[in-house]
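Right, one structure below, let's go through it.
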Amino acid sequence: MSTGIIVAVIIIVVIAVAVVAAGITATRRRRLREHFGPEYDRVLEQTASRRKADAVLTQRERRVKGLEIHPLDPATHAKHAGQWGDVQERFVDAPATAVAEAQLLVVTVMTERGYPTEHEGQVLADLSVGHAQTLDHYRAASGISARAMSGAASTEELRQAMIHYRVLFEDLLGEPASDHEAPDSGLPRTAETPDPAVDGTAVPQGEPRQQQIPRT
């Protein structure tokens, strides 16, 4: 076999390997985008590199796979569902206290399901693997909770925090709201909140009302 033929064969093999590798990369990237949804775009913006974003999200999946994440047993599930009802009722008389209790209850459910909760950044990363579609609700609620601690959150913002916490809470319990839409939750409306059924500002399914909730 001549040198020219050998070189041609090597070039063909290298091209074939590159094509296969590109296909594998594209398939993996498509899966990550579908699985993580808006979280993929967030990580991509932070890393400014698709390759790095893929690596970060793949590492998150590996980490969570190594955790002992498990569903709640029926008794614990029922207990926490009842606790949420109690917290929600207290919102009328003590909204800031109710929001703080809602945050604590969400963290309690995370812990009992096996999620480490010591570091906020890691909590968000871990939740993104199995709860990517409700993660923005948690971010919004946490931002309002931080404002509430300094007394800077309005009653309407506190109400929105309860709604956001409820979306993630139900997702963690295994009973997510329909299409992850933020439920009305029965909390009283304030003068600051128009009725979406009247003013046409109803939130599309799957999208929290971020325009009404400042991020911190």
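Annotations for the structure displayed:
- Among the residues of segment 85-108, those that are β-branched (Val, Ile, Thr) and touching a helix residue (DSSP H, G or I) at 6+ places or on another chain (Cβ under 6 Å) comprise VAL87, VAL99, VAL106.
- Scan of segment 149-162 for residues that are surrounded by fewer than 21 Cβ atoms within 10 Å (Cβ to Cβ), out of contact with any Pro (no Cβ under 6 Å at 6 or more places or on another chain) and outside any loop (DSSP other than H, G, I, E, B), ordered by number: MET149, GLU156
- So THR58, is it modelled with pLDDT of 75 or more and over 17 Å from HIS131 (Cβ atoms): yes
- Any hit, segment 94-101, residues being of a type in the set (Val, Ile, Thr), under 29 Å from MET162 (Cα atoms) and in the same structural domain as LEU172 (by TED's automatic domain parsing): yes
- Here GLU101 meets each of (1) surrounded by 18 or more Cβ atoms within 10 Å (Cβ to Cβ); (2) of a type in the set (D, E, K, R); (3) under 16 Å from the mean Cα position of the chain (by Cα) with one exception, condition (3).
- Restricting attention to segment 73-89, the residues being loosely packed, with under 14 Cβ neighbours inside 10 Å and in a helix (DSSP H, G or I) number 8.
The values are calculated or read from the model by the stated rules, or taken from the named source; none is laboratory data. Source: prediction; values computed, not measured. For neighbour counting, all protein chains shown are included, and Cβ atoms are generated from backbone atoms with ideal geometry for every residue, glycine included.
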